[in-house]
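For reference, the structure is listed below as structure tokens.
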Amino acid sequence: MTALPGTTALDARRRAGELAALATGGPVDLLVIGGGVTGAGVALDAASRGLRTVLVEARDLAFGTSRWSSKLVHGGLRYLASGRIGVARESAVERGILMTRTAPHLIRPLPQAVPLLPSVGRGMAALVHTGFLAGDALRFSARTPASVLPRARRVGPDAAQRLVPAVRTDGLRGALVAHDGQLIDDARLVTAIARTAAGHGATVLTRVRADRVTGTSAELTDTLTGWSTTVTAGAVVNATGVWADQVDESIRLRPSRGTHLVFDAAALGDPRAALTVPVPGSTSRFVFALPQQLGRVVLGLTDEDAPGPVPDEPVPTEQEIDFLLATVNTALDRQLTRADVRGAFAGLRPLLDTGDGDTADLSRRHAVLRSPSGVVTVVGGKLTTYRAMAQDAVDFVLRARGGAVPPCRTARLPLVGAPGHPDSRPLPDGALPASLLARHGGAARAVLESARLPRPLEPVAEGIDVTRAEIEYAVTHEGALDAADVLDRRTRIGLVAADADRARAAVEEIVDALAG
């Protein structure tokens, strides 16, 4: 049965029904192109203000940059260090909103430890300490309580080793520790936003390409069947990230590539904190070894110019891999080698081209721009500030339309799975696997209760803590249309090719059974 309007479930039948409705339903208030975090955020903002909203995505939710982040919901400390006070303040405010109101179920406080090794001199240590205190000031100004993000502190050598067991011990004087927010999964955040938008009446369609885009219309094509229709809209928002200049030719982008490497957590002693290592010769750049779900640690981040055509999936360069390994090894007792690397991924930041400077120097502030054709493009920014970007884009559209501008509601709208969302139902401790609860929050009960296939709590493959029920739920409620959607975006099994190979047969079996 097709999901009813007002429900958050996304599935193939709802998709088919909503595609058919586009051909006969008349104009829409807002057409959003792009199903990453920004596009999903725009759709939620618009739908929650009462606009008839349609979001189309040529591939899948979180297909692009939104799934390739460090999964940090950060307070903007790095921007404060370079004098970008406005960006830093916005980041801190949006982090607080995510962690206390809209998505606390998907985010946890993550200690970040800078080990005080001989390579970190007294001057550098003082600089880091000052930065951490400034981060505390940002947290306080954003009204995020210390119970959510603890204050910065210094710990001794033993405590530093407990946080990061693999840290080099020779000459270790302790560590400086600050806290930031960490997403269980960036792609899950996008899915939660999109489903929440659907619950407010938005039409959310993947595998639908937009062509011949103007400020008031677009030709939409279902890439699965070839069926197409032209949709008229009060306004069109281009939220396609690094592909924005393909929709709006007036936009000039200068993408920057950020690369990450994936390791078994055991290779770093199963750390409880993010190991934060200063880049030699720099006072403002660091690499981070970040604990992740599925027993992994992700090491990043680079910031390299990425000229030329935008690939579907960016590939790390050999130089970036060498740089990350060399930098993190300055802080480790046992040196990591390429043999320890289980996977690697890269994402492209959609930075506006200002004509000069390195990509690291380009502003991370977002922009909302109107093209000569009337298309409104929202670009730049970062995952943490997606909600503010969306609010600015919808405000821009509504002001241009004239008349009253309904207030934005998203700062207080809990996402699917968050406490306070109508679909969220808490469970007693121990009722479900902790990993399932971490990924679904208050929706975890629905994941199990909606399962119809046998052995719902059985892992999809040995050593992978994703259950069969989660695979089924990805198809019946989260809009996954094939095994790749499940492996690479609804779960992150696909970050390690060997894991994907072990799980693929079971995932395909479940997807095929549901399609039948």
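The values are calculated or read from the model by the stated rules, or taken from the named source; none is laboratory data. Please read all numbers here as calculations on a predicted model, not as lab measurements. Here the Cβ is made from the backbone with ideal geometry for all residues, glycine too, and neighbour counts use every protein chain on show.
So the values come out like this:
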item	result
Among residues of region 268-298, those that are among the small types (Gly, Ala, Ser) and buried (at least 20 other Cβ atoms within 10 Å of the Cβ), counted	3
Pairs with Cβ under 8 Å, 6+ apart, first in region 293-306 and of a type in the set (Lys, Arg), second part of a strand (DSSP E or B)	Arg296/Val262; Arg296/Phe263; Arg296/Asp264; Arg296/Arg342
Hits in region 54-84 - residues which are part of a helix (DSSP H, G or I) and of a type outside the set (A, V, I, L, M, F, W, C)	Thr65, Ser66, Arg67, Arg78, Tyr79
Filter pass, Arg122 being within 27 Å of the chain's Cα centre (by Cα) and either over 30 Å from Thr38 (Cβ atoms) or of a type in the set (Lys, Arg) (or both)	no
Residue under evaluation Gly281, criteria (1) in contact with a strand residue (DSSP E or B) (Cβ under 7 Å, 6 or more places away or on another chain); (2) free of Cβ contacts under 8 Å to residues at least 12 places away in the same chain, criterion not met	(1)
Enumeration of residues in region 401-439 that are assigned to a loop (DSSP other than H, G, I, E, B), over 20 Å from the mean Cα position of the chain (by Cα) and among the small types (Gly, Ala, Ser)	Gly402, Gly403, Ala404, Gly420, Ser424, Gly430, Ala431
Selection count where residues are surrounded by 14 or more Cβ atoms within 10 Å (Cβ to Cβ) and outside any loop (DSSP other than H, G, I, E, B), scope region 299-346	20
Subset of region 224-242 [surrounded by fewer than 19 Cβ atoms within 10 Å (Cβ to Cβ) and out of contact with any Pro (no Cβ under 6 Å at 6 or more places or on another chain)]	Leu224, Thr225, Gly226, Trp227, Ser228, Thr229, Thr230, Gly234
Strands (runs of 3 or more DSSP E) contained entirely in region 122-223, each with at least 1 residues that are buried (at least 21 other Cβ atoms within 10 Å of the Cβ) and in contact with a helix residue (DSSP H, G or I) (Cβ under 9 Å, 6 or more places away or on another chain)	175-183, 203-206, 208-211, 217-222
Verdict on Thr240 being closer than 30 Å to Val394 by Cβ, hydroxyl-bearing (Ser, Thr, Tyr) and within 23 Å of the chain's Cα centre (by Cα)	yes
Of all residues making up region 249-267, the number that are surrounded by fewer than 22 Cβ atoms within 10 Å (Cβ to Cβ) and part of a loop (DSSP other than H, G, I, E, B)	5
From the options Gly442, Gly494, residue that is part of a helix (DSSP H, G or I), surrounded by fewer than 24 Cβ atoms within 10 Å (Cβ to Cβ) and either in contact (Cβ under 8 Å) with a residue 40 or more places away in the chain or of a type in the set (Lys, Arg) (or both)	Gly442
In region 373-399, residue nearest to Arg254 (Cα to Cα) [restricted to those that are in a loop (DSSP other than H, G, I, E, B) and modelled with pLDDT of 95 or more]	Val375
Residue tally, condition surrounded by 15 or more Cβ atoms within 10 Å (Cβ to Cβ) and part of a helix (DSSP H, G or I), over region 445-475	12
Considering residues of region 100-111 that are surrounded by 21 or more Cβ atoms within 10 Å (Cβ to Cβ) and under 19 Å from the mean Cα position of the chain (by Cα) only, the residue nearest to Arg412 (Cα to Cα)	Thr102
Whichever residue in region 42-89 is closer than 17 Å to Val208 by Cα and of a type in the set (A, V, I, L, M) and, among such residues, is surrounded by the fewest Cβ atoms within 10 Å (Cβ to Cβ)	Ala58
Pairs, first over 25 Å from Ala62 (Cβ atoms) in region 339-355, second at pLDDT 95 or above, C-beta under 8 Å, six or more apart	Asp340/Phe263; Asp340/Asp264; Asp340/Ala267
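For (1) within 28 Å of Leu80 (Cβ to Cβ); (2) of a type in the set (A, V, I, L, M, F, W, C); (3) modelled with pLDDT of 95 or more; (4) in contact with a strand residue (DSSP E or B) (Cβ under 6 Å, 6 or more places away or on another chain), each residue gets a yes or a no:
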residue: Gly269; (1), (2), (3), (4): no, no, yes, no
residue: Pro291; (1), (2), (3), (4): yes, no, yes, yes
residue: Arg296; (1), (2), (3), (4): no, no, yes, yes
residue: Leu301; (1), (2), (3), (4): yes, yes, no, yes
residue: Gly308; (1), (2), (3), (4): no, no, no, no
